[in-house]
Amino acid sequence: MGSEPPLELMSAYTLVDRPDALSADLNHHDCIGVDTEFMREKTFFAELCLIQIATNDDIYCIDPLASDDMHSFWKCATDRTWIVHSARQDIEVVYQTSQLMPKNIFDTQIAAGLLGYAPQLGYANLTNELFGVEIAKSHTRADWSKRPLTDALLQYAAEDVEYLLPAYSALAESLDQQSRLYWAEEDSARLLNPDLYDIDPRLAINRLKGARNLRGRRRSAAVSLAAWRESLALRSNRPRQWVAKDSVLIDLAFKLPERIEELQDFEGLSPGLIRRDGKTIIEIIALSNADDDDYTPPTAPDEAQKVLLKQMQNHVAECAADLGLAAETLASKKDLSAVILSGARDSRLLNGWRHDVIGEQILQML
């Protein structure tokens with residue numbers, strides 16, 4: 001595919017500050033290329049700052065900050081099939097902004113990996129591989145929340161969707177020729193699982209670095225402290241680490257202070273936080289109980305499991321080589337370890353197209 005002639009730059013884009021007015025045009029297209037620009041450094045939720053949409057005829061740069069009413073636009077836009085590159089963060093910010101997802105999605109990064117391109121191939125590299133086009137990545141650190149957006153920024157944003165539909169056509173044709181198109185469709189569809197993006201404070205402990213080393217009452221306190229921080233960050237729309245750093249929560253769970261005055265000795269707990277939430281923190285710790293902790297720490301693989309993992313990796317490497325894929329595209333070490341340690345039958349390795357390619361052999365090896 002790399003021998004195909006370079007495409008002509010569409011270059012022109014339309015800046016849309018009334019998104020709902022775009023619905024009539026989008027209704028003429030079943031498939032659209034989509035990208036987003038967002039900021040999340042100062043907030044818990046990513047702030048959606050720009051939506052880029054490519055159709056076969058036009059490129060639109062849609063300003064969501066210019067309109068309070070996006071309902072009709074989102075309803076219309078999500079009723080299409082989206083072509084997106086490395087879609088997870090885009091789907092996340094759209095879902096958390098609109099509570100909607102596209103009805104179908106095709107991720108060109110996933111598709112490229114299933115054709116033997118490097119795993120996690122970037123959009124600029126993909127367009128270069130497919131079409132010989134060089135896309136500059138000169139505005140990766142731009143502040144997309146600033147208004148007005150410059151023409152240079154908008155042109156840069158437009159280029160991020162300009163080649164999505166041609167890339168889809170090229171990749172889908174090659175995948176279809178190798179009877180792998182449904183592989184890409186299946187792996188892409190996994191990104192539309194709301195469980196990937198819904199936030200449950202009760203599971204916040206899984207993001208708390210160092211918590212896996214705590215046991216008994218300390219573990220119980222860490223679970224509750226992590227859930228408290230998650231809820232506070234959600235309500236205030238502030239990053240978790242701005243509420244309280246991971247190291248502070250671990251320190252609190254380990255030392256288990258009993259009085260508000262003791263909180264002053266914890267480096268990283270601001271006077272303002274102690275004043276506002278010190279009583280809550282002490283109450284959380286006081287209610288922690290070793291008997292409430294049903295946590296089972298992850299077990300390290302024993303020697304037999306290490307041998308099995310190596311055998312599985314060798315088998316995956318052989319299968320991947322036969323298919324012309326990177327081994328991690330077929331099955332990552334993390335996937336294999338999870339199957340061995342937990343026996344999880346819902347693993348992607350044991351379902352869908354991977355079940356047909358390697359799943360049966362993995363089950364036999366187990």
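The values are calculated or read from the model by the stated rules, or taken from the named source; none is laboratory data. Since the model is a prediction, treat every value here as computed from it, not as a measurement. Please note: Cβ atoms are built from the backbone with ideal geometry, for glycine as well, and neighbour counts cover all protein chains shown.
Within the stretch 44-81, restricting attention to residues that are of a type in the set (G, A, S) and assigned to a loop (DSSP other than H, G, I, E, B), which residue is modelled with the highest pLDDT? Write out each step before concluding.
First pass over the stretch 44-81, keeping only residues of a type in the set (G, A, S): 46, 54, 66-67, 72, 77.
Narrowing further to those that are assigned to a loop (DSSP other than H, G, I, E, B): 46, 67.
Details: A46: 95, S67: 86.
Going through the qualifying residues, I end up with A46.
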If you check every pair at least six apart or on different chains, which have Cβ atoms under 8 Å apart with a residue in the stretch 97-122 that is over 22 Å from E47 (Cα atoms) and part of a loop (DSSP other than H, G, I, E, B) first and a residue that is hydroxyl-bearing (S, T, Y) and modelled with pLDDT of 95 or more second?
-> K103/T78; K103/T81; L114/T329; L115/S174; P119/T329; Q120/S86; G122/S86
Among the residues of the stretch 1-25, count how many are at pLDDT 95 or above and part of a helix (DSSP H, G or I).
-> 0
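Out of L232, L263, I need the residue that is closer than 22 Å to F45 by Cα, among the aliphatic types (A, V, I, L, M) and in contact (Cβ under 8 Å) with a residue 12 or more places away in the chain. Which one?
On the way: L263 fails: closer than 22 Å to F45 by Cα.
Result of the check over L232, L263: L232.
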Checked the stretch 339-354 for anything surrounded by 16 or more Cβ atoms within 10 Å (Cβ to Cβ) and not hydroxyl-bearing (S, T, Y); matches are V339, I340, R348, L349, L350, G352, W353, R354
Does the stretch 293-305 contain any residue that is in a helix (DSSP H, G or I), loosely packed, with under 15 Cβ neighbours inside 10 Å and of a type outside the set (D, E)?
-> yes
Unmet requirement for I285, which otherwise passes all of (1) surrounded by 15 or more Cβ atoms within 10 Å (Cβ to Cβ); (2) over 25 Å from G210 (Cβ atoms) | (2)
Is it the case that some residue within the stretch 258-266 is in contact with a Gly (Cβ under 9 Å, 6 or more places away or on another chain), among the β-branched types (V, I, T) and either assigned by TED's automatic domain parsing to the domain that holds E186 or under 30 Å from A226 (Cβ atoms) (or both)?
-> yes
Does the stretch 169-184 contain at least one residue that is aromatic (F, W, Y) and exposed (fewer than 15 other Cβ atoms within 10 Å of the Cβ)?
-> yes
